[in-house]
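S.K.: My questions will all concern the structure given below.
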């Protein structure tokens, strides 16, 4: 479970609660981003750090999703807004919903393939 999330000095940072070291990835537009580090941060806590690649930043809202590799379950998320200010925060929610919809479509297609025959 993600307990804390912030962006500082070009890095996304989070605190994740888990008994053992978790296998995690952060995705942007369905692609895993490189450089996520997981380090112990006390009993049952893990510090996460990810350098945010400059190439993923552009005008508008960019959504990022934290999950276990190969899993469709969303464990956390964050968004970065850049460029001209948005009229409402609703756009950030739309980007996150699109990312989750992509995950659901992928899981549904896999389910249909596995249950045929």
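S.K.: Quick one: would you say residue 103 is surrounded by 16 or more Cβ atoms within 10 Å (Cβ to Cβ), assigned to a helix (DSSP H, G or I) and modelled with pLDDT under 90? Even if it seems obvious, please write down each step before you answer.
M.R.: Numbers: surrounded by 16 or more Cβ atoms within 10 Å (Cβ to Cβ): yes; assigned to a helix (DSSP H, G or I): yes; modelled with pLDDT under 90: yes.
So residue 103 fits the description; yes.
S.K.: Within region 68-93, take every residue that is surrounded by 12 or more Cβ atoms within 10 Å (Cβ to Cβ) and part of a helix (DSSP H, G or I) and give me the one that is modelled with the highest pLDDT.
M.R.: 93
S.K.: Next up: Residue 65 passes all but one of (1) touching a residue at least 40 places away in the same chain (Cβ under 8 Å); (2) surrounded by 14 or more Cβ atoms within 10 Å (Cβ to Cβ); (3) in a strand (DSSP E or B); which number fails?
M.R.: (1)
S.K.: Another question, then. Taking the residues in region 2-33 that are loosely packed, with under 11 Cβ neighbours inside 10 Å and without any contact (Cβ under 8 Å) to a residue 12 or more places away in the chain as candidates, determine which candidate is nearest to residue 79 (Cα to Cα).
M.R.: Taking the candidates together, the pick is 6.
S.K.: Which one of these is out of contact with any strand residue (DSSP E or B) (no Cβ under 9 Å at 6 or more places or on another chain) and under 24 Å from residue 107 (Cβ atoms): 72, 43, 93?
M.R.: Details: 43 fails: under 24 Å from residue 107 (Cβ atoms); 93 fails: out of contact with any strand residue (DSSP E or B) (no Cβ under 9 Å at 6 or more places or on another chain).
Only one candidate qualifies: 72.
S.K.: Now for a separate question. Every residue in region 49-62 that is part of a loop (DSSP other than H, G, I, E, B) and closer than 18 Å to residue 2 by Cβ, please. Explain how you work it out, then say what you get.
M.R.: Within region 49-62, the first condition is being part of a loop (DSSP other than H, G, I, E, B), and the residues that meet it are 52-53, 57-59.
Answer for region 49-62, where residues must be part of a loop (DSSP other than H, G, I, E, B) and closer than 18 Å to residue 2 by Cβ: just 52.
The values are calculated or read from the model by the stated rules, or taken from the named source; none is laboratory data. Just so you know, these numbers come straight off a predicted model, no measurement behind them. Cβ sites come from the backbone with ideal geometry, for glycine too, and all protein chains shown count toward neighbours.
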